[in-house]
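Structure record follows, encoded as structure tokens.
The values are calculated or read from the model by the stated rules, or taken from the named source; none is laboratory data. Computed from a prediction, not measured in an experiment: that's the story for all the values here. Cβ coordinates were reconstructed from backbone atoms using ideal geometry, including for glycine residues, and neighbour counts include every protein chain displayed.
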Amino acid sequence: MADIFTINNLQMYYPIKKGFTKKLIGHVKAVNNVSLTIHEGETLGVVGESGCGKSTLGNCIIRLINPTGGEIIYHRENGESINLVGMPDKELKFYRKEAQLIFQDPYSSLNPRKTVRDLVGEPLLVNDICDKSEINNRVGTMLRRVGLRAEYMKRYPHAFSGGQRQRISIARALIMRPRFVICDEAVSALDVSVQAQVIELLRDLQAEYKNTYLFISHDLSVVKHISDRIMVMYMGRVVEMCESDELFRNTLHPYAKALIDAVPDVDKTRHKTPNVVKGEVGDATKDIPGCAFAPRCKYATDICLKEHPPLVNAGGEGDQEHWVCCHNRLG
């Protein structure tokens, strides 16, 4: 399977400044030496608790922010490979056509002063994909594809429900047929029944347009349903990454196991022993010599506190890769 991204030692450090002189006193390490590949046509789920760096990772890949260091190698359809880190914004216009973002909040992500026609059709005009005479036809077709009526294009965002607004956001992101789409908590603000509808819509559109998704969420049950592979992050680092079914069948990292055990189970006939992680999340401004999760891990030993474990391929079922970052992995 061809790769669409190769990411090497990606870093996003936010400076901490103090006083009138804005003296630099440290950094918040939101993304800390993350390396991964994203395969073309797949859905890679990214999960972790709030503050683990998953949204920052997505913002780096989409180049809403310029990473502090590392590489984001984008493999274009013409065979060209480009490092997006450090590339000036004026040189990224080609990338804006090929990569799009679906935001979390369907209420704040749509300009209330613009009609649906303007919101969905604007990317076509900005990127010179078509002229104004074609906008109505293109927008109407896209709205019908996401389950909305074409005549809705004359309305403003306040006239729609949360689920309908998110469909408008999806239409805006996909109207240019991008190769790569980041869904940043794209269904977390919706009711459960609406979540299922939007997830199925995203799956149908992916099958039709053959694009690649990076699906960011804190909800493992949703990520399991839509993702081919899942990556678990903790304090800016990757702690486990493998096929979706493999992660739930053979969890190797204690933190990933705790996340899975925290998923609510509606089957009252089964007794589920809670696996509660005690303690607080570590300080992302400090250099941690060992594993960042070690102070909260019941399996931690002396080496966990002294030496950071490497991300290694422990192997999964068949020829599957199963990457884990743990000295005392489970299983």
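Any idea which residue in region 290-316 is nearest to Thr251 (Cα to Cα), counting only those that are touching a helix residue (DSSP H, G or I) at 6+ places or on another chain (Cβ under 6 Å) and either part of a strand (DSSP E or B) or not aromatic (Phe, Trp, Tyr) (or both)? Even if it seems obvious, please write down each step before you answer.
Filtering region 290-316 down to residues touching a helix residue (DSSP H, G or I) at 6+ places or on another chain (Cβ under 6 Å) leaves 290-291, 293-294, 297, 299-300, 304-305, 316.
Of the ones still in play, those that are also either part of a strand (DSSP E or B) or not aromatic (Phe, Trp, Tyr) (or both) are 290-291, 294, 297, 300, 304-305, 316.
Numbers: Gly290: 21, Cys291: 18, Ala294: 17, Cys297: 15, Ala300: 17, Cys304: 19, Leu305: 22, Gly316: 10 Å.
The selected residue is Gly316.
Restricting attention to region 147-181, and to residues there that are aliphatic (A, V, I, L, M) and within 18 Å of Asp105 (Cβ to Cβ), which single residue is surrounded by the fewest Cβ atoms within 10 Å (Cβ to Cβ)?
Ala159
Name every residue in region 155-165 that is small (Gly, Ala, Ser) and either in a helix (DSSP H, G or I) or closer than 11 Å to Val120 by Cα (or both), in order of residue number.
Looking only at region 155-165, we keep the residues that are small (Gly, Ala, Ser), and these are 159, 161-163.
Result: Ala159, Gly162, Gly163.
Being of a type in the set (Val, Ile, Thr) and within 17 Å of Ile216 (Cβ to Cβ), is that true of even one residue in region 12-30?
no
Ile182 fails exactly one of the following numbered conditions: (1) over 16 Å from Leu119 (Cβ atoms); (2) within 20 Å of the chain's Cα centre (by Cα); (3) modelled with pLDDT under 95. What is the number of that condition?
Result: Ile182 fails condition (3) only.
Quick check on region 124-154: of everything there that is touching a residue at least 40 places away in the same chain (Cβ under 8 Å) and either touching a strand residue (DSSP E or B) at 6+ places or on another chain (Cβ under 8 Å) or in a loop (DSSP other than H, G, I, E, B) (or both), which residue is farthest from Ile175 (Cα to Cα)?
Step by step, filter region 124-154, then rank; the result is Gly147.
Which ones in region 230-247 are surrounded by fewer than 22 Cβ atoms within 10 Å (Cβ to Cβ) and within 19 Å of the chain's Cα centre (by Cα)?
Those that are surrounded by fewer than 22 Cβ atoms within 10 Å (Cβ to Cβ) and within 19 Å of the chain's Cα centre (by Cα): Glu243, Ser244, Asp245.
Suppose we keep only residues that are exposed (fewer than 13 other Cβ atoms within 10 Å of the Cβ) and under 22 Å from Asn211 (Cβ atoms) within region 95-133. Which one would you say is modelled with the highest pLDDT?
Result: Val126.
Take Gly51 and decide whether it is surrounded by fewer than 18 Cβ atoms within 10 Å (Cβ to Cβ) and not in a strand (DSSP E or B).
yes
Taking the options Val222, Val187, name whichever one is farther than 30 Å from Thr115 by Cβ and either among the acidic types (Asp, Glu) or crowded, with 21+ Cβ neighbours inside 10 Å (or both).
Matching residue, one of Val222, Val187: Val222.
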